[in-house]
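A.B. asks: One structure coming up, written as structure tokens, with questions to follow.
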Ligand code: SF4
Ligand code: SF4
């Protein structure tokens with residue numbers, strides 16, 4: 001996930017709402033004079049809670065990785081092709 005510090009108003013709602021507590025407020029001030037939130041860099045599950053609670057539409061972006069599918073064996077692939 002990423003947080004655009006220029007769009008963040010520093011309300012801290014996402015910090016309080018994040019289930020694994022992987023968000024924090026930056027010690028420095030942004031251009032608007034507030035402590036913008038940031039990702040600590042660990043434990044984000046991609047749940048999206050921070051995105052939904054944030055009052056600033058452009059501040060938070062959450063990315064989700066597609067689940068990796070195990071490679072099919074030849075028999076499984078032929079069976080799937082007939083379904
Ligand atoms: S997506 Fe979920 S786990 Fe990740 S930072 Fe946002 S609230 Fe926390
Ligand atoms: S909820 Fe949004 S505006 Fe508030 S601190 Fe988090 S990113 Fe910034």
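FYI, it's all coordinate maths here, none of it is from the lab. Every value quoted in this text rests on a predicted model; they were computed, and no experiment measured them. Because the Cβ atoms are built from the backbone with ideal geometry, glycine has one as well, and the counts that use them run over all protein chains shown.
A.B. asks: How far is it, in nm, from the label point at residue 2 to the one at residue 63 when both lie 7 Å from their Cα along the line to the Cβ?
C.D. replies: Those two pseudo-labels are separated by 0.7 nm.
A.B. asks: Taking neighbour counts of Cβ atoms within 10 Å as a proxy for exposure, in what order, fewest first, do 26, 38, 64 appear? If you can, show how the numbers build up before the last one.
C.D. replies: Details: 26 15, 38 18, 64 10.
Fewest to most other Cβ atoms nearby, the residues stand as 64, 26, 38.
A.B. asks: Give me the extension gain from residue 56 to residue 16: residue separation times 0.36 nm, minus the current Cα-Cα distance, reported in nm with one decimal.
C.D. replies: Extra length available between residue 56 and residue 16 comes to 12.8 nm.
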